Amino acid sequence: MPIVSTPQERLLGDLRALINADAAELSTRLRAQQIRDFPPMAQKTIRRFSPSEAAKFIGIHEGYLRQLVAEGKGPAPQSNNRRTYSIEDIEILRLDLDRDGKGVRRYLPRRRSDEPLQIISVMNFKGGSGKTTTTAHLAQFLAFRGYRVLAIDLDPQASLSTLFGHQPELDVGDNETLYGAIRYDSGRRDMAEIVRATYIPNLHIIPGQLELMEFEHETPKALMERQGQDSLFFSRIGEALGQVGHAYDVVVIDCPPQLGFLTLSALCAATAVLITVHPQMLDVMSMSQFLNMTGGLLDVVANAGGATQYDWMRYLVTRYEPSDGPQTTMVGLMRSIFGPRVLTHPMLKSTAVADAGLTKQTLYEVERQQFTRGTYDRAVEALDLVNGEIEGLIKQVWGRA
Ligand SMILES: Nc1ncnc2c1ncn2[C@@H]1O[C@H](COP(=O)(O)OP(=O)(O)OP(=O)(O)O)[C@@H](O)[C@H]1O
Ligand SMILES: [Mg+2]
């Protein structure tokens with residue numbers, strides 16, 4: 001019998017064809033553009049730092065750095081007689097200082113064996129709340145400060161990877177995201193095979209791409225067909241991290257803007273949680289729902305034996321405009337409810353952050369001269385305060401002063 005399709009079915013067919021055709025065309029054009037703007041083998045590099053930046057990252061006064069250099073430590077001046085520091089120079093200075101200090105003061109901040117690995121999940125299901133920007137800048141800041149950092153892109157949209165110079169469609173193949181290490185079937189790989197070095201010595205990354213979505217699709221099936229020994233979805237990221245954790249001090253996870261199995265698994269692997277929130281009515285309302293749902297899901301996970309103990313959780317106010325009355329009201333509301341769980345320092349909205357993002361760079365990567373001095377300095381100051389506060393929380397967990 002001939003199948004006669006209704007007008008509605010014909011429309012659906014058309015839509016499918018249309019979307020498929022659009023997707024193919026867009027993907028081809030984007031790839032061409034990406035290859036032109038940023039060839040696959042082009043490596044991102046990290047710029048050199050000024051003496052004041054170097055001193056800040058090492059944690060000494062600029063005057064002391066000058067004195068060290070006068071004593072012949074550190075790099076020789078460049079030909080134009082300007083003294084700038086590569087990230088490697090900074091690490092060498094740090095090592096020298098640590099040796100000279102004979103353990104009295106620590107310049108090399110790596111954790112000791114009795115100081116547990118810190119796993120910070122950056123989350124909120126509200127899109128655009130600043131998760132990726134926060135993760136990227138925090139991971140870089142900690143690496144510049146001398147910690148060994150692993151950044152994980154858990155978002156299938158792969159914004160963090162892109163910011164770090166990995167083009168998901170070009171340089172991240174199948175089984176090269178965290179999915180490779182947490183998948184349920186025999187295709188599972190070792191974490192050590194998935195971790196990638198970056199252009200910053202102390203910073204490694206696990207990039208993301210669309211295949212991460214498989215975990216959302218496979219988990220319900222795996223739950224139904226579960227064999228006795230298989231670990232449940234919420235333990236998988238933590239177990240995977242167990243394979244490489246010894247090589248790092250801090251892991252920072254950029255979660256996708258949804259409360260799926262990936263986010264829940266990141267939540268269970270975490271030792272600390274950072275919830276980013278833009279202080280506007282709609283965003284805060286959405287966060288309220290996020291908290292409600294997360295609370296409910298954590299109950300389920302806890303009942304199934306999942307870990308729900310955290311060293312700390314904090315709210316970070318992002319893209320804040322202090323001159324905006326309603327935003328200030330929202331921040332006040334959050335502080336009155338959550339008290340000290342809202343980080344003291346908010347991340348200010350800045351064209352420097354947004355513009356850097358447009359060229360796939362962080363604020364630490366762009367040159368200060370590209371911006372009006374005030375704009376750049378204000379943004380970096382806010383960023384350093386936020387990141388410094390988080391570093392303080394990490395040190396607190398380790399019992400350091
Ligand atoms: N402090 C800031 N000042 C100005 N722009 C910012 C700031 N922080 C983030 N942005 C911009 O806001 C946009 C959203 O930020 P981001 O991608 O970090 O959010 P997200 O929560 O990761 O989004 P998604 O939910 O889609 O993953 C980006 O274009 C970013 O450049
Ligand atoms: Mg993001």
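We did not get these values from a lab; they are worked out from the coordinates using the rules stated. Just so it is clear, the model here is predicted, and its values are computed rather than measured. Glycine gets a Cβ as well: all are built from the backbone with ideal geometry, and neighbour counts include every protein chain shown.
In debye to the nearest 20, how big a dipole does segment 51-100 give about its Cα centre with +1 on each Lys and Arg Cβ and -1 on each Asp and Glu Cβ? Each step should come with its number before you reach the end.
Values: 7 positive and 9 negative charges, 39 e Å.
The dipole of segment 51-100 has a size of about 180 debye.
With a ≥ b ≥ c the root eigenvalues of the C-alpha gyration tensor of segment 258-361, is it rounded (a/c under 1.5), prolate (a/b larger than b/c) or oblate? Because a/c hits 1.5 or more and a/b exceeds b/c, segment 258-361 counts as prolate.
Given R₀ = 51 Å, FRET efficiency for residue 303-residue 15 by Cβ-Cβ distance, to 0.05?
0.75
Relative intensity of segment 327-393 on a log10 scale, I(q)/I(0) at q = 0.12, 0.29 Å⁻¹, equals -0.38, -1.19, per a Debye sum over C-alpha point scatterers of equal strength in the absence of solvent. Taken about its Cα centre, the chain carries a charge dipole of about 1200 debye when Lys and Arg each add +1 at the Cβ and Asp and Glu each add -1 at the Cβ.
Principal axis extents of the Cα atoms in segment 220-290, from largest to smallest and rounded to whole angstrom, are 46, 35, 14. Rounded to the nearest 10 degrees, the inclination of helix 233-244 to the longest alpha-carbon principal axis of the chain is 40 degrees. Mind checking the log10 I(q)/I(0) for the chain at q = 0.12 Å⁻¹? Debye, one equal scatterer per Cα, no solvent, two decimals. The computed values of log10 I(q)/I(0) come out as -1.05.
Under a point spin-label approximation (7 Å from Cα along Cα-to-Cβ), what is the residue 360-residue 192 distance to one decimal in nm? Label-label distance for residue 360 and residue 192, simple model: 3.0 nm.
Figure legend: label point modelled 7 angstrom from the Cα of residue 373 along Cα→Cβ; residues of segment 348-366 with amide N under 18 Å from it are 352. The modelled label-to-label distance for the pair residue 169/residue 108, using points 7 Å beyond Cα in the direction of Cβ, is 4.4 nm.
Between residue 252 and 120, 150, 151, 152, the built amide H atoms are under 5 Å apart, and every one of these is 5 or more places off in sequence or on another chain.
Modelled spin-label separation between residue 62 and residue 289, with each label point placed 7 Å from Cα along the Cα-to-Cβ direction: 4.8 nm. Report for the chain the percent antiparallel among DSSP-assigned beta bridges with both residues inside it, nearest 5. Once the DSSP bridges in the chain are tallied, antiparallel ones form about 10 percent.
In segment 69-217 the Cα-Cα distances spread across 10 Å bins starting at 0 as 10, 31, 30, 19, 9, 2, 0 percent of all pairs.
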